[in-house]
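These notes concern the structure reproduced below.
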Amino acid sequence: MFTKKGLIDIAANLTDPMYKGIYNGTKKHEPDLSNVLSRAWKQGLEKIIITGTSLEESKEAVEIAKTDERLFCTVGCHPTRCDEFNKSGHDKYLQALSDLCEAHKDKVVAVGECGLDYDRVQFCARETQLKYCLHIFQII
């Protein structure tokens, strides 16, 4: 039998600008992340894992996770963001992700998002995704 007790959201995109009230680059309302979290806790959600999809979003995910003992996060690079390896330099980017994991062991519970996303190659070419998809696992 299914109950709400013990539910954990394992892929919450809480770094999305919409929680800051921003939609398509335009401010529409005041930040409401605290209200969203309050509703989640009231409905029986026990823990949330915030997904880190880039170095900067992983840093933001860590900062959000530090605000509540029930919040945790992942650190990684979504396949559609693999161009970031080229911008920063492969080794430097991986080291920054690794350092983030090491510095926040109490909040970082997984490496990801990672893999291949051939459905959205308009954001990052297949070749770039293939080149970097396994490199993220070096930080484990």
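Every number in this text was worked out from the coordinates using simple rules, so none of it is lab data. The structure presented is a predicted model; accordingly, all values stated were derived computationally and were not measured. With ideal geometry, Cβ positions are generated from the backbone for all residues, glycine too; neighbour counts draw on all protein chains shown.
Give the Rg/Rh ratio for the chain, taking Rg as the radius of gyration of the Cα atoms and Rh as the Kirkwood radius, to two decimals. Show your work: numbers first, answer last.
Working: Rg = 16.0 Å, Rh = 16.0 Å.
Checking Rg against Rh, the ratio lands at 1.00.
Using DSSP to define loop residues, name the GluC sites (Glu not before Pro) in region 67-109 whose beta-carbon has at most 13 other beta-carbon atoms within 10 Å. Passing sites in region 67-109 are E69. Think of each Lys and Arg Cβ as +1 and each Asp and Glu Cβ as -1; about the Cα centre, that makes the dipole of the chain roughly 360 debye.
Determine the alpha carbon to alpha carbon distance for each of K59/K87; K87/K131; K20/K92; K92/K131 and list only those over 22 Å.
Numbers: K59/K87 17 Å; K87/K131 14 Å; K20/K92 29 Å; K92/K131 16 Å.
Violating the 22 Å limit, Cα to Cα: K20/K92.
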